[in-house]
Amino acid sequence: MDSALLALLIVGGSVAYGLIGVWFGRKFIHKHVAEGHNDVLVPIFLTAGVIYAVLLGFMVVAVWESYDAAHANASEEAAMLVPLYRQTTVMAPEKGAVMRELVRQYAENVIHDEWSTMRKSGAASEKARKSIGDIFREYATLTPATKVREIIAQQFLNTLSQIILDRNKRILQASEALSWIIWLGVVGGGAVIVGMTFLLYMDRRGPQLVMTGIMAGMIGMLLFIMVVLNKPFVGPLALDPAPFEQSIAAFDDVDRGN
């Protein structure tokens with residue numbers, strides 16, 4: 001769904017809910033307002049509002065941190081491919097050439113196959129999984145002839161292990177999302193808080209409509225932020241494979257001797 005349409009549905013829907021509720025709520029409340037009406041309701045409204053504000057603020061921060069962690073992890077995985085590729089240049093020429101081809105193939109499979117698979121189903125790509133397995137299998141055939149190459153082979157294994165760890169995290173992050181119980185709390189809580197304004201009464205209708213609309217709009221905006229950041233690899237702010245594309249450009253520099 002287009003991000004502008006999604007924002008309109010969530011933010012606009014929240015505002016419409018608040019305005020319509022106040023409009024019709026006033027007609028009912030007007031006949032039942034007695035002295036001290038707002039004096040009783042306002043403290044209850046403020047207490048509930050603070051509780052909900054803490055919940056909503058915490059969830060927005062938590063969703064953002066999850067999104068940022070996914071971005072940092074994918075960037076680290078892509079960045080680690082560059083030293084992995086460079087380490088193959090000091091291996092035996094025939095083995096190094098095979099390794100470089102396999103590392104490049106893995107990066108390309110992540111870009112062209114696995115990324116779209118994660119967006120559709122949150123799962124890993126068979127092509128990318130096979131590519132990383134091929135690198136391990138090729139590594140098992142290495143027979144370093146010198147002490148330097150033995151050290152490089154060990155460093156290659158350490159780097160490859162870190163890449164696999166980052167890859168597994170990325171796949172898990174692609175399949176994770178907020179539980180329905182969390183959405184029930186933030187959406188239901190927002191509906192209750194805005195709904196409580198329907199029971200308040202001001203002599204002038206305009207200011208109450210404006211203030212309720214602003215509050216509902218702010219809640220809707222924060223809910224929209226949660227929706228677009230909930231799944232890091234899906235939606236209008238979905239992470240893209242640009243870090244892996246930059247790594248492939250770095251591979252080309254290594255091949256040119258830079």
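Across segment 50-90, what is the number of residues that are touching a Pro at 6+ places or on another chain (Cβ under 8 Å) and of a type in the set (A, V, I, L, M)? Residues flagged as touching a Pro at 6+ places or on another chain (Cβ under 8 Å) and of a type in the set (A, V, I, L, M) within segment 50-90 amount to 4. Picking from residues in segment 212-235 that are outside any helix (DSSP H, G or I) and among the hydrophobic types (A, V, I, L, M, F, W, C), the one that is least open to solvent (accessible area, probe 1.4 Å) is PHE233. Residues in segment 110-133 that are open to solvent by 30 Å² or more (accessible area, probe 1.4 Å) and assigned to a helix (DSSP H, G or I): HIS112, ASP113, SER116, THR117, ARG119, LYS120, SER121, GLU126, LYS127, ARG129, LYS130.
Of all residues in segment 58-70 being exposed (fewer than 14 other Cβ atoms within 10 Å of the Cβ) and in contact (Cβ under 8 Å) with a residue 24 or more places away in the chain, which is farthest from LEU223 (Cα to Cα)? Walk me through it before giving the result.
Looking only at segment 58-70, we keep the residues that are exposed (fewer than 14 other Cβ atoms within 10 Å of the Cβ), and these are 58, 61, 64-65, 68-69.
With the extra rule that they be in contact (Cβ under 8 Å) with a residue 24 or more places away in the chain, the set shrinks to 64, 69.
Values: TRP64: 12, ALA69: 20 Å.
Looking at the filtered set, the residue picked out is ALA69.
Screening segment 242-258 for residues that are of a type in the set (Gly, Ala, Ser) and free of Cβ contacts under 8 Å to residues at least 60 places away in the same chain and picking the one that is surrounded by the fewest Cβ atoms within 10 Å (Cβ to Cβ) gives GLY257. The residues listed here are ALA174, ALA238; of these, the one that is within 25 Å of ILE132 (Cα to Cα), modelled with pLDDT under 95 and assigned to a helix (DSSP H, G or I) is ALA174. All of LEU46, LEU6, LEU19 fail the test of being touching a Phe, Trp or Tyr at 6+ places or on another chain (Cβ under 8 Å), of a type in the set (A, V, I, L, M, F, W, C), in a helix (DSSP H, G or I) and farther than 30 Å from LEU142 by Cβ, apart from LEU6. All of (1) in contact (Cβ under 8 Å) with a residue 24 or more places away in the chain; (2) farther than 22 Å from TYR106 by Cβ; (3) surrounded by 14 or more Cβ atoms within 10 Å (Cβ to Cβ); (4) hydrophobic (A, V, I, L, M, F, W, C) hold for VAL192 with one exception: (3). All of (1) more than 23 Å from the chain's Cα centre (by Cα); (2) open to solvent by 60 Å² or more (accessible area, probe 1.4 Å); (3) under 30 Å from VAL110 (Cβ atoms) hold for SER175 with one exception: (1).
The values are calculated or read from the model by the stated rules, or taken from the named source; none is laboratory data. Note that the coordinates shown come from a computational prediction; the quantities given were computed from them, not determined experimentally. Cβ atoms come from the backbone with ideal geometry, glycine included; neighbour counts cover every protein chain shown. Just the protein is used for accessible areas: all its heavy atoms, side chains included, with ligands, DNA and RNA removed. Shrake-Rupley method; radii C 1.70, N 1.55, O 1.52, S 1.80 Å.
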